[in-house]
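To keep things clear, I will list the structure first and then write my remarks on it.
No value in this document is a laboratory result; all are computed from the given coordinates. Values in this document were obtained by computation on a predicted structure and should not be read as measured data. Note that each Cβ is placed from the backbone with ideal geometry, even for glycine, and that neighbours are counted across all protein chains shown.
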Amino acid sequence: MKIDKSLQPVSTVSVSDGKRRADITPSTDASQENSVHLSPNAAKLQNIDSSSANGSIVNTARVAEIKQAISEGNFQINPEVVADRLLETVKELIQSKKGAV
């Protein structure tokens, strides 16, 4: 494969050839204010964040109780309750997907 020498060399540009960024004024009207618009999901996340700051999400006493029961070998799992709550979670996820569409 041959190298094509028909390309012209690029001339160098010095920093002083153009205006500096500080010298350039924005083309937008100065009376306009910058604004930010949040999506509904971002607003929901903010609400969740603020509500979680008000109270603890994790019940540390219950976690300690479960750890103790597991370490002693006394922790009982009720498969019916686990299955029911799993189905509830799936139903909620399906409903939330339908509502988002």
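In nanometres, what is the gap between the two model label sites at Ala61 and Leu93, each 7 Å from Cα along Cα-to-Cβ?
According to this spin-label approximation, the distance is 3.2 nm.
Using θ = phi - 60° and the Karplus form 6.51 cos²θ - 1.76 cosθ + 1.60, what ³J(HN,Hα) does each residue of segment 81-91 get, whole Hz, x for Gly and Pro?
5, 4, 5, 4, 5, 5, 5, 4, 5, 5, 4
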